[in-house]
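To start, the structure itself, in structure tokens.
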Amino acid sequence: MPTHLATPPHPVLSAVPEGLIYTFRAMASPCEVRFDSYDADMAARLGEMAEEEALRIERKYSRYRSDNLIAQINGAGGAPVEVDPETAMLLDYADAAYKLSRGLFDITSGVLRRIWKFDGSDRVPPREQVRAILPLVGWHKVRWRNPFITLLPGMEIDLGGLGKEYAVDITLLKLAAETRAPLLVNFGGDLRVSGPRAGFGRWRVAIESVDEEGVSEALLQVSQGALTTSGDARRFLLKDGVRYSHILNPRTGWPVKDAPRSVTVAAATCMEAGLMSTLAMLQGRGAEKFLRREGVQAWWMR
Amino acid sequence: MQLRKPRRGRVSQALGLMTANLLAAVGAHAQDAQAGSMDPAQVASVTNDTETDLGYTRIDAAVLFYQEAGGRVRATEPTLTATLNSDSGDVLSVGIVADTLTGATPNGAMPWKQSQTFVTPAHSPSTTATVTTASGGSTLVTVPGTGIISRQYVVAPNTLPVDNGFKDQRWGLNLGYSTLWNPNTRVSVGASASNERDYTSVSLTAGVARSFNQNMTTAAASIDFEYDLSRPFFGTPTPFTVMSADQKGPNASKTVASLVVGVTQVMNRYWLAQLNYSVGSTNGYQTDPYRILSVVDPVSGAPLQYLYEGRPGSRIRQSLYFANKLAIGPTFADVSARAYIDSWGIKSVTAEVSDRIPLTSHLFIEPEGRYYTQTAASFFRNYLVSGQPLPRYASSDSRLGAFSAVTWGVRAGYDFTPHAELYVQGESYKQTGVTHPAGAIGNLATQNLFSGVSATSVIVGFSFAFY
Amino acid sequence: MNIDAADGSTIDSGRVVLIICLLAALLGACAHPWDRDLLAKRAMQLNTHPAITAAQEHVYFSKEGSSGGRTFDGGGCGCN
């Protein structure tokens with residue numbers, strides 16, 4: 001089962017020998033729900049439910065929109081903004097992850113992308129520019145008193161580092177409550193299964209090559225839990241022979257050195273797997289050591 | 001016992017907890033926000049191992065109906081167990097059991113071609129009883145000139161002597177607590193007590209289980225200490241004295257100390273194996289105070305008198321138990337074997353097989369079979385022969401003789417939700433032994449001397465967990 | 001390109017993962033966390049129905065000369 005998908009222009013329910021697949025686009029990624037069942041009515045209904053949920057989370061948390069809560073928070077100009085309970089819980093989660101990672105996981109680091117454009121070119125920003133933007137980075141500068149969040153003017157939060165994984169988990173839980181058919185939810189390569197396939201078979205998942213689209217590096221068999229991959233697949237800068245990965249250290253404002261090209265982590269939930277793979281990349285040269293120490297099941301490519 | 005706390009790092013552990021909390025909480029919030037969301041239980045069942053009841057309280061209620069062939073023992077046994085699981089892995093369980101036993105029990109004497117009359121003290125001696133009354137097929141009689149009330153019952157010719165006067169009620173209470181000492185070590189303690197009209201038992205248990213090798217291996221050890229007090233209705237008879245209506249000696253007790261050590265190993269994805277060694281030492285009164293032996297004429301085999309039986313005061317049991325759980329296609333099989341030996345001379349072998357077959361995603365059926373065979377205890381005697389010296393110990397209890405037993409059964413379960421199951425099991429159990437032992441004296445050669453049981457039982461239960 | 005697994009083993013492709021697992025399965029040493037799907041099932045526990053097991057053991061204990069093995073010699077009743 002390839003994780004890379006042909007991107008359909010509109011939602012499609014298709015039958016394959018292993019069951020039914022509902023494909024759609026959300027969060028700028030191809031998304032799919034696989035059903036180990038041939039109940040097309042059920043698959044269509046749940047597929048639509050998945051799409052609705054993915055689009056709901058995208059609408060609510062995308063930083064590319066001007067009409068949502070994130071835009072309101074980021075554009076408040078230093079004024080407090082009241083958030084709903086779901087957002088509050090995600091902010092609490094982000095807060096805990098910030099502390100747990102000693103500042104490496106930081107939802108305010110998105111402003112760094114104003115100066116870092118990872119387009120395969122050699123446009124590495126000058127040091128002064130990086131230094132100038134750093135005052136706008138740092139979760140500890142944010143005043144978060146549930147349900148009010150206050151950013152310094154110019155700061156931004158971006159839940160993109162959590163949103164897709166969160167969407168996968170929530171969608172899977174919703175769908176699994178509706179059917180006993182085994183399911184796989186895959187939003188742009190972040191995936192989670194409801195359990196083994198019928199007859200206790202395993203879901204086959206390919207880890208895509210970082211170098212060539214459509215070429216798989218490994219085939220994994222998953223029967224429980226989630227898999228996510230972090231990597232710099234075709235997103236990097238190359239200058240004077242130095243490869244700058246798109247993983248930025250929010251404490252320095254610079255790309256992490258010697259990070260693995262990609263890290264795939266297995267965990268019970270997509271959010272855990274996603275955070276662990278991101279944190280592993282942020283360790284740079286120490287990624288493998290970190291993964292071993294944390295005792296998580298992982299694969300990486302150098 | 002299997003431990004399933006993975007050895008994980010600080011970040012990974014904290015993250016797991018954070019995420020589980022978030023998803024459970026958001027599940028609850030999404031419900032107020034919009035229709036069609038899952039309840040927290042659904043989240044937990046997906047986020048946690050399906051095996052663990054982490055955070056759940058489970059209630060398991062069942063009733064056993066047991067009936068032996070030939071109008072012998074009939075029992076009804078309801079049980080109720082509540083297990084409370086904390087989110088951090090503590091487990092507290094409380095169980096109660098009640099038992100109602102009625103029917104006839106072999107008294108230990110051999111059948112004979114003529115009717116036999118047995119005289120025993122009344123269960124409840126009463127100073128006012130001067131009339132005779134019928135009670136459970138027996139008769140209460142005041143022994144002339146003594147004021148002693150005796151109970152007499154007559155057994156028909158050519159039938160196994162049984163005493164119909166047994167009625168008992170038992171209740172029991174079990175308490176257990178276990179906690180994770182560290183992520184890989186679980187310690188547990190327990191206590192239990194049970195009481196019958198003529199018997200009381202209390203016990204204490206402590207155990208430790210440690211998992212290693214990435215939770216693939218669990219080693220466990222536990223000890224148990226039990227104290228039992230036997231309070232026969234008419235006192236404790238002295239072994240090899242003549243059965244009579246007299247009141248007997250004081251209550252008698254015994255202690256049991258046992259140790260079980262075992263290893264549970266995940267062999268692969270489809271195979272879980274367990275190997276246990278257990279040893280137990282019982283000391284004290286282990287005789288059946290109601291059981292007698294026929295002393296027969298050395299030529300005709302006719303019963304001349306009935307003596308109370310006697311058993312050794314010490315018994316050491318050892319067993320080796322090997323259990324396997326195998327996932328075979330869509331089915332789950334249990335295959336186990338046990339070898340047992342004790343200092344009374346009993347050796348036994350047990351083999352048990354069952355296979356759980358899913359019929360639908362909610363319903364399973366599980367046929368099961370068991371074979372058991374044992375040798376006789378060294379002091380097992382069907383009867384004693386008049387004129388021969390008395391042995392040091394003797395009992396005609398069929399449980400101490402040589403026999404084999406076969407069980408056939410089937411179990412079925414229906415799960416209404418992932419956390420609620422109705423189950424039922426029916427079983428037939430039959431012991432077979434030597435009915436006409438070689439060298440039986442005189443007319444005893446024509447009698448069926450084997451007093452083993454055949455029984456059928458049904459158990460119905462309902463188990464459910466809630467958050 | 002090699003993909004290194006966190007447990008230190010080096011694997012080349014998913015196909016090899018499978019083969020390694022099959023071999024290791026025979027040696028009893030390969031179950032990833034996500035392989036616990038079967039082992040985690042209630043049906044895969046050694047004692048799926050404690051009430052039934054307890055009732056059976058009580059009957060066998062009171063009708064046979066042997067006892068114990070799975071757990072303690074047990075008893076707590078005057079049925080010897």
Yes/no for residue B:212 being more than 9 Å from chain C (Cβ to nearest Cβ) and under 26 Å from the mean Cα position of the chain (by Cα)
no
I'd like to know if the stretch B:355-362 contains one or more residues that are more than 20 Å from the chain's Cα centre (by Cα), among the β-branched types (Val, Ile, Thr) and at pLDDT below 95.
yes
For the subset of the stretch A:291-302 comprising residues that are surrounded by fewer than 23 Cβ atoms within 10 Å (Cβ to Cβ) and either without any contact (Cβ under 8 Å) to a residue 60 or more places away in the chain or in a helix (DSSP H, G or I) (or both), which member is farthest from the other protein chains (Cβ to nearest Cβ)?
A:302
Restricting to the stretch B:424-454, name every residue that is farther than 24 Å from residue C:62 by Cα and small (Gly, Ala, Ser).
B:438, B:439, B:440, B:442, B:445
Out of the stretch B:338-350, which residues are polar (S, T, N, Q) and facing chain C (nearest Cβ under 9 Å)?
B:348, B:350
Quick count over the stretch B:364-385, residues being more than 10 Å from chain C (Cβ to nearest Cβ), touching a Gly at 6+ places or on another chain (Cβ under 6 Å) and either within 14 Å of residue B:425 (Cα to Cα) or without any contact (Cβ under 8 Å) to a residue 24 or more places away in the chain (or both), is 0
On the basis of being of a type in the set (Val, Ile, Thr), within 12 Å of another protein chain (Cβ to nearest Cβ) and in contact (Cβ under 8 Å) with a residue 60 or more places away in the chain, does residue B:200 make the cut?
no
Just checking, does the stretch A:96-103 include any residue being more than 19 Å from the chain's Cα centre (by Cα) and at positive phi?
yes
Selected residue (criterion: surrounded by the most Cβ atoms within 10 Å (Cβ to Cβ)) from residues of the stretch B:228-249 that are more than 10 Å from chain C (Cβ to nearest Cβ) and under 25 Å from residue B:172 (Cβ atoms):
B:234
Restricting attention to the stretch A:245-265, and to residues there that are out of contact with any helix residue (DSSP H, G or I) (no Cβ under 6 Å at 6 or more places or on another chain) and charged (D, E, K, R), which single residue is nearest to residue A:285 (Cα to Cα)?
A:261
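Determine whether the stretch A:59-78 contains at least one residue that is of a type in the set (Asp, Glu) and either in a helix (DSSP H, G or I) or surrounded by 14 or more Cβ atoms within 10 Å (Cβ to Cβ) (or both). Quick ask: steps written out before the conclusion?
At the first step, the residues of the stretch A:59-78 found to be of a type in the set (Asp, Glu) are A:67.
Keeping just the survivors that are either in a helix (DSSP H, G or I) or surrounded by 14 or more Cβ atoms within 10 Å (Cβ to Cβ) (or both) gives none.
Checking the stretch A:59-78: not a single residue is of a type in the set (Asp, Glu) and either in a helix (DSSP H, G or I) or surrounded by 14 or more Cβ atoms within 10 Å (Cβ to Cβ) (or both).
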Suppose we keep only residues that are surrounded by fewer than 22 Cβ atoms within 10 Å (Cβ to Cβ) and part of a loop (DSSP other than H, G, I, E, B) within the stretch B:270-290. Which one would you say is nearest to the chain's Cα centre (by Cα)?
B:286
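Out of B:335, B:353, B:406, report the one residue that is more than 30 Å from residue B:301 (Cα to Cα), within 12 Å of chain C (Cβ to nearest Cβ) and either among the β-branched types (Val, Ile, Thr) or not in a strand (DSSP E or B) (or both). Give the steps one after another, and end with the answer.
Numbers: B:353 fails: within 12 Å of chain C (Cβ to nearest Cβ); B:406 fails: within 12 Å of chain C (Cβ to nearest Cβ).
Within the list B:335, B:353, B:406, the selection yields B:335.
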Between residues in the stretch A:170-182 that are farther than 17 Å from residue A:202 by Cα and not assigned by TED's automatic domain parsing to the domain that holds residue A:49 and residues that are of a type in the set (Lys, Arg) and in a loop (DSSP other than H, G, I, E, B), which pairs lie under 8 Å by C-beta distance while being six or more apart or on different chains?
none
For the list (1) more than 13 Å from chain C (Cβ to nearest Cβ); (2) of a type in the set (A, V, I, L, M); (3) closer than 23 Å to residue B:256 by Cα; (4) more than 21 Å from the chain's Cα centre (by Cα), I need the number of the one condition that residue B:189 fails.
(4)
Determine whether residue A:104 is part of a helix (DSSP H, G or I) and in contact with a Leu (Cβ under 6 Å, 6 or more places away or on another chain).
no
Out of (1) within 10 Å of another protein chain (Cβ to nearest Cβ); (2) closer than 18 Å to residue A:206 by Cα; (3) in a helix (DSSP H, G or I), what's the single condition that is false for residue A:265?
(3)
Give me the pairs, please: first residue somewhere in the stretch B:10-38 and more than 7 Å from chain A (Cβ to nearest Cβ) and closer than 15 Å to residue A:94 by Cβ, second residue anywhere and surrounded by 21 or more Cβ atoms within 10 Å (Cβ to Cβ) and modelled with pLDDT of 70 or more, beta-carbon distance under 9 Å, and either six or more positions apart or on two chains.
B:21/A:93
When every residue in the stretch B:149-184 that is β-branched (Val, Ile, Thr) and either surrounded by 14 or more Cβ atoms within 10 Å (Cβ to Cβ) or in a loop (DSSP other than H, G, I, E, B) (or both) is compared, the one modelled with the lowest pLDDT is B:149
Test: residue B:258 is hydroxyl-bearing (Ser, Thr, Tyr) and at the interface with chain C (Cβ under 9 Å from one of its Cβ atoms):
yes
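The values are calculated or read from the model by the stated rules, or taken from the named source; none is laboratory data. Please read all numbers here as calculations on a predicted model, not as lab measurements. When we count neighbours, we look across all protein chains shown, and the Cβ atoms used for this are built from the backbone with ideal geometry, even at glycine.
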